[in-house]
1. Tell me, how many Å apart are the Cα centres for the stretch B:118-155 and for the stretch A:57-82?
2. Output the pairs from B:Lys212/B:Lys281; A:Lys195/B:Lys349; A:Lys15/A:Lys248 with a Cα-Cα distance over 32 Å in this structure; if there are none, say none.
3. Cross-link candidates for A:Lys155: which aspartates and glutamates have Cα within less than 17 Å, leaving aside residues fewer than 8 places away along the same chain?
4. If you place +1 on the Cβ of every Lys and Arg and -1 on the Cβ of every Asp and Glu, how big does the dipole about the Cα centre of the stretch A:197-317 come out, in debye to the nearest 20?
5. Out of A:Tyr73, A:His129, A:Val53, whose Cα points farthest toward the positive end of the dipole of chain A (charges: +1 Lys, Arg; -1 Asp, Glu; placed on Cβ)?
6. For chain A, find the longest principal axis of its Cα atoms and tell me its angle to the long axis of helix A:6-20, 0 to 90°, nearest 10.
7. In whole Å, what are the extents of the stretch B:12-326 along the principal axes defined by its C-alpha atoms, from largest to smallest?
8. Please report the net charge: other residues with Cβ closer than 9 Å to the Cβ of B:Leu27, K and R +1, D and E -1.
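The numbers here are math on the coordinates, done by the rules we state, and not lab data. It should be emphasised that the depicted structure is a prediction, and the values quoted were computed from it without experimental measurement. Positions of Cβ are backbone-derived with ideal geometry, glycine not excepted, and every protein chain shown enters the neighbour counts.
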Amino acid sequence: MPIMNMVQAINLALKEEMALDDRVVLLGEDVARDGGVFRVSEGLLDAFGPERVIDTPLSESAIVGAAVGMAAYGLLPVAEIQFMGFIYPALDQIFANAARLRSRSRGRYSAPLVVRTPYGAGIKAPELHEESTEALFCQMPGIKVVVPSGPYQAKGLLLSAIRDPDPVIFLEPTRLYRMIREEVPEGEYTVPLGKARLAREGKAVTVIAWGSMLERTLKAVEGYDAEVIDLLTLSPFDEETLLASVRKTGRAVIVQEAPLTCGLGAELSATLAEQAILHLKGPILRVAAPDVPIPLARLVDHYLPSVERIREALEEILKY
Amino acid sequence: MPVNVIESLTVKRLEILDPQGNADEGLLPPLPEEEIMRMYELLVLSRAFDERALSLQREGRIGTYPSILGQEASQVGSALAIARGDRVFPSFRETGVQIALGYPIHLLLQYWGGDERGLRTPDGLNIFPICVSVGTHLPHAVGAALAARIRREQCAVIAYFGDGATSKGDFHEGFNMAGVFGLPVVFICQNNQWAISVPVERQTAAGTLARKAWAYGFEGVQVDGNDVFAVYRATSEALAKARQGGGPTFIECHTYRVADHTTADDASRYRSAAEVAEWRKRDPLLRLRLFMERKGLWTEEDEKNAWQRARTTVDDAVKEAESAPPPEPEELFQYARATLSPRQQRQLKEIAERGVRNAE
C-alpha cells in the first residue's frame with residue numbers, strides 16, 4: 001500500500017473520483033495550471049482538461065456561487081478557496097444560499113457541492129492564511145463541516161463529502177499537509193461523515209480533538225490512560241461516540257485550535273454536561289487559543305494549544 | 001507621443017411602442033396577433049394578481065408583498081422570450097415573470113402568505129426559488145450556464161435583478177465570470193429607479209446601467225422597460241445569441257416601481273407624487289391596449305372580458321391557496337438536510353409531540 005502525505009491523499013481522492021464520475025468538477029483560484037498553491041490539484045488539469053479543472057477569476061463569492069448553480073444543475077463541484085481567511089466574502093453564498101437551497105426550494109433543488117479550504121495555524125504564512133473559524137460554519141444548519149486529521153482520513157472523508165447530497169465544508173489542516181505520512185489505499189474506500197473515530201483507547205479520561213490538534217493531543221496523552229476521539233465531522237458531530245466514551249471515563253478534555261469563546265468546544269461541552277453530567281467526576285475542561293486574532297509566526301507558539309497545555313489539563317482533571 | 005483613443009463606448013436604447021400605442025413597424029417583433037393578445041392577457045393577469053395581493057395583505061391574509069405595478073412589461077415581455085429548457089433565476093420582484101412562465105398562482109400566494117411550500121417549483125419549470133438576498137443569485141446563474149456547457153445541454157440562462165443589485169459585489173463577480181467564460185447568460189436588470197428609498201443616481205455615477213456590461217467585455221443595451229415589444233425583442237435576441245455561443249448580454253429595462261417597495265414601505269416619505277404621476281402616464285398595459293385597438297384586434301368588450309378572466313383566475317388561486325392544509329411540523333425538518341442527524345430527529349420528535357397548543 002502506498003505511503004503518502006495529506007496533499008497526495010487529497011489529490012488521489014480527487015483524481016479517482018473525477019475518473020469515476022464525470023459530474024465532479026474542480027474550480028477555484030490557481031487550481032488548474034498551477035495545480036493549487038499547495039499543489040493539491042497537481043496534474044488534474046492534464047488528466048481531465050480545462051472544462052473540469054477550472055481556473056476562475058479572483059472571486060471567492062462567485063466561486064462558491066457558481067458552484068451552487070452548477071450543483072443545482074447536475075454537477076458535483078469541488079470548489080477551492082485558497083485559504084480559510086479568504087472564505088469570508090463567500091459566507092453570503094455559503095450561508096444565505098448553499099446551506100438553504102434544499103430548504104428554500106422545498107427539495108426541488110439542492111447543492112451537493114464541496115468547498116475545500118486550507119485551514120489552521122503553524123505554517124509561517126501572512127495574515128489571514130492561518131484561520132480556524134470552523135465554529136461559524138457549525139452554527140448553520142444545512143451544511144456539513146469536516147476536518148481530516150491525516151492522509152488516510154482525508155481521502156476517505158473527501159470521497160464521502162463529494163458523494164454527500166448536501167454542501168460540505170472540507171477544512172484541510174495545513175500544518176499536517178506534509179507532516180504526517182501513512183498508508184493510503186488506492187481505489188475505493190470511504191470514511192463516513194457524522195462519525196468520530198476512536199484514535200486511542202483509555203479508561204481515565206476522554207480527550208476530544210480534531211484537525212491538527214489531534215496530532216498534539218496524541219503526543220500529550222503518552223503515559224496517560226486517556227481515550228482520544230478524533231471528531232472528523234464537526235457538524236453534525238457524533239454525539240453518541242462522545243457520550244459513550246465520557247460515560248465510561250467520567251472525565252472530558254476538549255482541545256481546539258480556535259479561540260475559546262463560542263468555539264465548537266463550547267457546544268461539545270454543553271452537550272456532555274446536558275447528557276452525561278451524572279457520569280462526570282470533574283469539570284469539562286477546554287484547551288483552546290486565547291480570544292485574540294491569530295498572530296503571525298513570532299507569537300504563534302504563545303497562541304496555539306501546546307502539548308504542555310494539554311498535559312496540564314490532563315493533570316488537573318485527573319485530580320478529581 | 002500622441003494620446004490615442006484606444007476604446008470608446010456607445011450605449012443603445014431600444015424603443016418600439018410609444019405611450020400612445022404607436023409602434024415602429026420596422027422593429028416590431030414578428031409576433032402573430034394571437035400571441036400579442038396573449039401577451040396582453042398576461043399583463044392583465046399580472047396586474048390583477050398584484051392588485052389582489054395588495055388587498056390580501058391589507059386584510060391580513062398574506063404577509064409583506066413587493067408590488068410589480070408598472071414593471072409588468074419588463075417581466076412579461078422578457079418571460080415570453082424564454083424557451084422551455086432555459087434556466088431562470090428570479091429575484092423577489094418577478095411575479096410577472098413567474099406568472100408568464102406558468103408558475104401556479106396559488107403557490108405564489110401561498111409563499112407570500114408565509115407558506116414555504118409555495119416555493120417548490122413544479123417539475124418541468126426551471127425557475128430557481130426567489131432570491132431575497134439581493135444579487136447573490138447572479139453567480140448561481142453563471143454556474144448553471146457553466147453546467148450547461150460542461151454537460152452539453154442546449155439552453156440559455158436568464159437572471160433578473162434590480163438597480164440596487166448593481167451595487168453589490170456579486171453583480172461584479174457574476175458579470176465578470178460570465179464575461180471571462182463567455183457563458184450563455186442573459187442578465188436582465190429592471191431599473192425601476194428606486195431601491196427602497198435610494199434613487200438610482202445614488203447607486204451609481206454611471207449614466208446608464210447598461211454601460212456597465214462594457215467593462216466585462218460583453219454587450220449592454222437599454223430598453224424602454226414599459227414597452228413590452230422592446231423588452232421581448234431585446235430578450236429574444238439576447239437568448240438566441242446565448243444559445244448560439246455568442247456569450248452573455250446585459251439588458252437594462254428602464255422602468256419604474258409605481259408602488260411602494262413593499263407593503264411595509266411608504267414611498268411618499270422619499271419621492272414626489274408628481275414623479276409617480278409622470279410614470280403612470282407611461283403605463284405598460286395602456287400602450288399595448290391602444291396598439292391593439294388601433295390594429296382592430298381589441299374592443300371595449302375584449303378588455304372587459306380579459307379583466308373578468310384574470311380576476312376569476314386569481315380568485316380561484318386565492319381559494320386554492322387558502323384551502324391548503326396547514327404545514328405539518330415535519331415540514332420544518334424535511335428539507336433541512338437530505339438525512340437528519342440524530343439530534344435533528346430528536347428535535348423533530350419533540351416539536352411534533354408538543355404541537356402548537358402552547359406556542360405563546
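1. Measuring centre to centre over Cα atoms gives 13 Å.
2. Too far apart for the 32 Å limit: A:Lys15/A:Lys248.
3. Candidates past the 8-residue exclusion: A:Glu16, A:Glu17, A:Asp21, A:Glu42, A:Glu80, A:Asp164, A:Glu172, A:Glu182, A:Glu183, A:Glu186, A:Glu188, A:Asp230.
4. Computed about the Cα centre, the dipole is about 180 debye.
5. A:Tyr73
6. 40
7. Answer, in whole Å and largest first: 49, 49, 42 Å.
8. Result for the neighbourhood of B:Leu27: -2.
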